[in-house]
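As structure tokens, the structure follows; a few thoughts come after it.
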Amino acid sequence: MNKIIASIVLAVILVFGINKIADIIFYVEKPEKSAYQVANVKTTTTETASAGSSSGSGEIMALLASASVADGKKVFKKCAACHSIAKDGGHKIGPALWGVLGRKAGSISDYKYSKAMVAYGKTWSFKEMNEFLTKPKDLIKATKMTFVGLKKETDRAAVILYMNNNTDNPLPAQ
């Protein structure tokens, strides 16, 4: 038994000892300046998140005009893990999103929404959906939805256009 314990202790000492000796032998000082320099980079402040939530529906409507349903279908794959968009797709972790635009938030009777979503109670318009998809927890603080949001305005517009096409009554994009 003593030999086993002694061999384990020796192995631990050797591993840590070799590591320390290697650090001493192969010591490398951190360079003062980064070795990889990126040329012609302009630093900008990110005002898109705050501008997207405070701006009117005009900005999202302009983005919808330039968005495509095919791009929205690609971006929606991020949503498809929790939501179905098929007409009779049923609920997954999240509610089915068929016909979501123009519908009151938290209004599907056979899905258990968070209290915050039911209390929100607004109708999903292009503007509301854009604000929600920017960062869901910013618009509805206690939502169960853990999705971090879509940072790119073009992605949000494409997904909103895709969701608007997956309904019996699409909202007019005016």
* Asked: On the given criteria, is residue 116 more than 22 Å from residue 68 (Cβ to Cβ), crowded, with 18+ Cβ neighbours inside 10 Å and not β-branched (Val, Ile, Thr)?
  -> no
* Asked: When the stretch 117-170 is examined, which residues are found to be closer than 20 Å to residue 84 by Cβ, touching a residue at least 40 places away in the same chain (Cβ under 8 Å) and hydroxyl-bearing (Ser, Thr, Tyr)?
  -> 162, 167
* Asked: Filtering the stretch 88-107 down to residues that are of a type in the set (A, V, I, L, M, F, W, C) and without any contact (Cβ under 8 Å) to a residue 40 or more places away in the chain, which residue is surrounded by the fewest Cβ atoms within 10 Å (Cβ to Cβ)?
  -> 93
* Test: residue in the stretch 74-86 that is of a type in the set (D, E, K, R) and more than 19 Å from the chain's Cα centre (by Cα) -> no
* To do: Would you list the helices (runs of 4 or more DSSP H) that sit entirely within the stretch 111-174 and hold 3 or more residues that are closer than 14 Å to residue 59 by Cα, out of contact with any strand residue (DSSP E or B) (no Cβ under 8 Å at 6 or more places or on another chain) and not basic (Lys, Arg)?
  => 126-134, 153-165
* Got at least one residue in the stretch 79-99 being closer than 15 Å to residue 156 by Cβ, in a helix (DSSP H, G or I) and out of contact with any Cys (no Cβ under 8 Å at 6 or more places or on another chain)? -> no
* Out of all the residues in the stretch 9-25, is one or more assigned to a loop (DSSP other than H, G, I, E, B), surrounded by 10 or more Cβ atoms within 10 Å (Cβ to Cβ), modelled with pLDDT of 85 or more and not small (Gly, Ala, Ser)? -> no
* **Members of the stretch 155-170 that are more than 13 Å from the chain's Cα centre (by Cα) and surrounded by 15 or more Cβ atoms within 10 Å (Cβ to Cβ)** => 157, 158, 160, 161, 162, 163, 164, 166, 167
* To do: Evaluate the stretch 122-136: report whether one residue or more is modelled with pLDDT under 85, surrounded by fewer than 19 Cβ atoms within 10 Å (Cβ to Cβ) and over 22 Å from residue 74 (Cβ atoms).
  => no
* **Test for residue 110: is it out of contact with any Leu (no Cβ under 9 Å at 6 or more places or on another chain), in contact (Cβ under 8 Å) with a residue 60 or more places away in the chain and not basic (Lys, Arg)** => no
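The values are calculated or read from the model by the stated rules, or taken from the named source; none is laboratory data. Bear in mind the structure is a predicted one, so any value in this text is a computation, not a measurement. Here the Cβ is made from the backbone with ideal geometry for all residues, glycine too, and neighbour counts use every protein chain on show.
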